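The values are calculated or read from the model by the stated rules, or taken from the named source; none is laboratory data. Since this is a predicted model, take the numbers as computed values, not measurements. Cβ sites come from the backbone with ideal geometry, for glycine too, and all protein chains shown count toward neighbours.
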Amino acid sequence: MKKPPKAAFKGNKQSLPSKPCAVCARPMTWRKAWAKNWADVLYCSDACRQNKHSATKPNTP
Ligand SMILES: [Zn+2]
């Protein structure tokens, strides 16, 4: 009896929740580190967290 190939689980990643960063609007994929505070995660990185005041402004000179 052969087991099915692991490729069958290829779609697992896409089942993870995701949401856009409040600053750069890039999609943030759920991380295990965020499991306990996923609802509070608004920014994809510390850089975006510090740029939150410019969230409503487009990044134009
Ligand atoms: Zn961001």
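Observations on the structure shown:
- Residue list for the range 13-24, restricted to those being without any contact (Cβ under 8 Å) to a residue 24 or more places away in the chain and either within 16 Å of the ligand (Cβ to nearest atom) or not hydrophobic (A, V, I, L, M, F, W, C) (or both): LYS13, GLN14, SER15, PRO17, SER18, LYS19, PRO20
- The C-beta contact set for the range 39-54 (first residue over 17 Å from SER18 (Cα atoms), second residue near the ligand (Cβ under 7 Å from one of its atoms) and among the aromatic types (Phe, Trp, Tyr), distance under 8 angstrom, 6+ apart or interchain) comprises ARG49/TYR43; LYS52/TYR43.
- Sub-9 Å Cβ pairs linking a first residue in the range 25-38 that is farther than 16 Å from SER15 by Cβ to a second residue that is surrounded by 13 or more Cβ atoms within 10 Å (Cβ to Cβ) and at pLDDT 90 or above, at least 6 apart or interchain, are ARG26/CYS44; ARG26/CYS48, ordered by first then second residue.
- Only one of the numbered conditions (1) at pLDDT 90 or above; (2) at negative phi is violated by ALA25, and that is (2).
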